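Some notes on the structure that comes next.
The values are calculated or read from the model by the stated rules, or taken from the named source; none is laboratory data. Quick caveat: nothing in here was measured; it's all calculated off a predicted structure. Neighbour counts run over all protein chains shown; Cβ positions are idealised from the backbone, glycine included. SASA here: full protein model, heavy atoms, side chains in, ligands and nucleic acids out. Shrake-Rupley method; radii C 1.70, N 1.55, O 1.52, S 1.80 Å.
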Number of protein chains: 2
Amino acid sequence: MKPKISDVAKVAGVSPTTVSRVLNNRGYIGEETRKKVNDAMKHLNYFPNDVARSLFIKKTFLIGVVFPTTSNPFYGQLIFHIENIAASLGYKILLCNSQGQEDKERSYLRMLQRNQVDGIIAGAHNRGVKEYDIPTLPVVGVDRYLSKNIPVVSSDNYDGGRQATQLLINKGCRNIIHINGPSYLETPANLRRKAYEDVMKENQLTPITYETAGDNQAVIQQLFDENPLVDSIFASDDLIASAVIREAKLRKRNIPSDFKVIGYDGTETTRLLLPELSTIQQPIREIAQKTIDILIKEINEEENHSEMETILPVRLIESETT
Amino acid sequence: MKPKISDVAKVAGVSPTTVSRVLNNRGYIGEETRKKVNDAMKHLNYFPNDVARSLFIKKTFLIGVVFPTTSNPFYGQLIFHIENIAASLGYKILLCNSQGQEDKERSYLRMLQRNQVDGIIAGAHNRGVKEYDIPTLPVVGVDRYLSKNIPVVSSDNYDGGRQATQLLINKGCRNIIHINGPSYLETPANLRRKAYEDVMKENQLTPITYETAGDNQAVIQQLFDENPLVDSIFASDDLIASAVIREAKLRKRNIPSDFKVIGYDGTETTRLLLPELSTIQQPIREIAQKTIDILIKEINEEENHSEMETILPVRLIESETT
DNA sequence: TTTCATATGTCAACCGGATGACATATAATT
DNA sequence: AATTATATGTCATCCGGTTGACATATGAAA
């Protein structure tokens, strides 16, 4: 059986209250007593039961983290930073991979509430899921609008979209096409597309957008077939950009002289696996930091309604595909 | 204030015990009563407090998951599957990114014990960390030997190493060099290197191994400088393989005619970003599945000491770099 | 009519730890 | 000698839910 406070007390020859005092550093404790208690804890291999503690203090130091999947390099890296920063502040992460499925998302939210998490960070959100609006529970969205009352942190998607498009234009491209993932998500990432359209129009060019739905390759082939004159593509993430490069090579397009590609995200993994890809890099660490800052403030009820939307700057990485 | 069982009881006009009976489906419950209780729960937006529940039943349905970082595509994908399968079985994941640091690993282990996790899955392990040997707590290792008493699940690293090396030999290579990450980890992955050495010797070839330490690029440059005749490289993971490809291109080596590269892991992300890379693909989903199977069995004390080491088959993916 | 399965309530104990109230004792200050 | 800061103990209560024991009531089957 796991030792409890009373077992420690017995071994140390003190009262359970004294042990609790040592553990929580409350009231007066003598140096020798503190030592006796600590020795007893070591001897018994005692670990305080945080479940019991949480029940009493009504705080778990748990943060629920809901994203589509850790498998995606962007989310993987973001979650890494979130976990790291949270850990340094004494918070722990309950991980949820919603896979973009409404029912999973909903059941994760129930689970998190049952587990009495102190707050939720979510970057997954399907239109149908209204359950994020929980009056008693702090929530922060990353790159997703969850509700009017929930703060969002994202990078400057509009500026990123402008920079990417402008770069292609500066390099002499005229038949620039944009590809993005499913747009049914209420996401600030849609601003990338908006920026693309704006910049194109400002330059008297016609914006054309394709949308992938799971199978990138099919859409990309269709894009090339339907637009033989396309001279460049702005992809809304690096994975799509990579697929574009592949298809362009199959079609004997010469990159970057004859055909240019720019992606979006600039994760560590992409930088390692596909360093030649030009891309718009999101400040992932900073997004994680800001998200946690805001969440912790909400948890501590230092409400700060000035921060309903936080937008962090992106960085253009020009490499060999533009 | 969050509603509790007694609040639900009041609204439903029944006793707290009856509510608990409905929640746990115990004893006799009338259909109308069940409905009244469920309606009351919906009306109050009641969620059972799993912290209180866990305290009493002495089970949290929490699994601690300790890996170096979700940012790495292999771990990201593995953790995704672990979380997924665990969720389908009613278990939740407490995420820990140890970053290969002993002190972090140790403090995570303490944290997990305080949180009364039902079990731990760990793929991080520094030699100095003996704390995994916790008599009362089920632990399963993934691709890492944690202790004599802890089951390990891995893919067939030796066979993978053999296949990779053999492929290069079959393609006519003779000056094959192996690169792997830091080998101070007690990992079955060292078998990849062992297999490489064995196959080389069987073919009267001299094995040469380089080891990276954080900075891949420097080691790779050194490798090329010191071995001008090198005609192929077997890298112990895809990220290193990618760096090798890059350096080879800089040195005007023609892949695959003049120079060949094979990697290891074959994650989704690598397949998307670098599909041309030949690699040994690990069965990540199956590793996750088997790991959880074993862990859950241990948790339920269906001890199965026949499974101290589980080895799953790998798959050679031959693409364009060999 | 008796027995029994069904249905619900009351009550108390328990899970492990936190905390406030209060008692007691020693040593240091005033 | 009186006061006070320090140190520790005892005891009861609470956190929210679970569970076993026991009482009670109804309708159906034996």
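Exactly one residue among B:Gly128, B:Gly100 is more than 10 Å from every other protein chain (Cβ to nearest Cβ), open to solvent by less than 40 Å² (accessible area, probe 1.4 Å) and over 30 Å from B:Leu274 (Cβ atoms), and that residue is B:Gly128. I need the full set of residues from the range B:221-245 which are farther than 25 Å from B:Asp143 by Cα, in a helix (DSSP H, G or I) and touching a helix residue (DSSP H, G or I) at 6+ places or on another chain (Cβ under 8 Å), in order please. Within the range B:221-245, B:Gln221, B:Phe224 qualify. Pick from the range B:30-59 the residues that are farther than 18 Å from A:Met111 by Cα and buried (at least 17 other Cβ atoms within 10 Å of the Cβ): which of them is nearest to DNA strand C (Cβ to nearest atom)? Filtering the range B:30-59 for residues that are farther than 18 Å from A:Met111 by Cα and buried (at least 17 other Cβ atoms within 10 Å of the Cβ), the one nearest to DNA strand C (Cβ to nearest atom) comes out as B:Thr33. Cβ separations smaller than 6 Å between residues 6+ apart or across chains give the following pairs from the range B:1-18 residues that are near DNA strand C (Cβ under 10 Å from one of its atoms) to residues that are in a loop (DSSP other than H, G, I, E, B): B:Ala9/B:Ser15. Do we find that B:Lys10 is modelled with pLDDT under 95, within 20 Å of A:Leu62 (Cβ to Cβ) and either surrounded by fewer than 19 Cβ atoms within 10 Å (Cβ to Cβ) or outside the structural domain of B:Asn115 (by TED's automatic domain parsing) (or both) in this structure? It is false that B:Lys10 is modelled with pLDDT under 95, within 20 Å of A:Leu62 (Cβ to Cβ) and either surrounded by fewer than 19 Cβ atoms within 10 Å (Cβ to Cβ) or outside the structural domain of B:Asn115 (by TED's automatic domain parsing) (or both). Quick check on B:Glu202: is it away from every other protein chain (no Cβ under 14 Å), charged (D, E, K, R) and touching a strand residue (DSSP E or B) at 6+ places or on another chain (Cβ under 9 Å)? Answer is no for this residue. Might you check whether a residue that is open to solvent by 30 Å² or more (accessible area, probe 1.4 Å), touching an Asp or Glu at 6+ places or on another chain (Cβ under 9 Å) and within 25 Å of B:Ile79 (Cα to Cα) occurs anywhere in the range B:222-237? Yes, the range B:222-237 contains at least one residue that is open to solvent by 30 Å² or more (accessible area, probe 1.4 Å), touching an Asp or Glu at 6+ places or on another chain (Cβ under 9 Å) and within 25 Å of B:Ile79 (Cα to Cα).
Which residues, counting only those in the range A:246-265, are in a loop (DSSP other than H, G, I, E, B), basic (Lys, Arg) and open to solvent by 70 Å² or more (accessible area, probe 1.4 Å)? Explain how you work it out, then say what you get.
As a first pass, look at the range A:246-265 and keep what is in a loop (DSSP other than H, G, I, E, B): A:251-259.
The next check asks that each one be basic (Lys, Arg); those that pass are A:251-253.
Residues satisfying the conditions are A:Arg251, A:Lys252.
Scanning the range B:30-62 for residues that are at pLDDT 90 or above and either within 11 Å of DNA strand D (Cβ to nearest atom) or in contact with a Lys or Arg (Cβ under 7 Å, 6 or more places away or on another chain) (or both) yields a count of 18.
Return the only residue of A:Ile255, A:Ile299, A:Ile294, A:Ile280 being in contact with a helix residue (DSSP H, G or I) (Cβ under 8 Å, 6 or more places away or on another chain), more than 30 Å from B:Pro275 (Cα to Cα) and more than 11 Å from chain B (Cβ to nearest Cβ).
Details: A:Ile255 fails: more than 30 Å from B:Pro275 (Cα to Cα); A:Ile299 fails: in contact with a helix residue (DSSP H, G or I) (Cβ under 8 Å, 6 or more places away or on another chain); A:Ile280 fails: more than 30 Å from B:Pro275 (Cα to Cα).
Going through A:Ile255, A:Ile299, A:Ile294, A:Ile280 in turn, the sole match is A:Ile294.
Inside the range A:103-119, residues that are more than 17 Å from B:Asn115 (Cα to Cα) and open to solvent by 40 Å² or more (accessible area, probe 1.4 Å) make up a count of 5. Considered as a group, the residues in the range A:17-29 that are more than 7 Å from DNA strand D (Cβ to nearest atom) and open to solvent by 50 Å² or more (accessible area, probe 1.4 Å) include one that is farthest from the other protein chains (Cβ to nearest Cβ), and that residue is A:Arg26. Restricting attention to the range B:73-90 and to residues that are without any contact (Cβ under 8 Å) to a residue 60 or more places away in the chain and more than 7 Å from chain A (Cβ to nearest Cβ), the residue that is farthest from A:Val51 (Cα to Cα) turns out to be B:Tyr75.
Quick check on my filter: what residues within the range B:272-322 are among the basic types (Lys, Arg), at pLDDT 95 or above and either open to solvent by less than 60 Å² (accessible area, probe 1.4 Å) or part of a helix (DSSP H, G or I) (or both)?
The first filter runs over the range B:272-322 and keeps only residues among the basic types (Lys, Arg), leaving B:285, B:290, B:297, B:315.
Within this subset, residues satisfying the condition of being at pLDDT 95 or above are B:285, B:290, B:315.
Those that are among the basic types (Lys, Arg), at pLDDT 95 or above and either open to solvent by less than 60 Å² (accessible area, probe 1.4 Å) or part of a helix (DSSP H, G or I) (or both): B:Arg285, B:Lys290.
Remark: pairs (first residue in the range A:132-148, farther than 20 Å from A:Ala189 by Cα; second residue part of a loop (DSSP other than H, G, I, E, B); Cβ separation under 8 Å; 6+ apart in sequence or on different chains) = A:Asp133/A:Leu146; A:Asp133/A:Ser147; A:Asp133/A:Asn149; A:Asp133/A:Ile150; A:Thr136/B:Lys2; A:Leu137/A:Val117; A:Pro138/A:Asp118.
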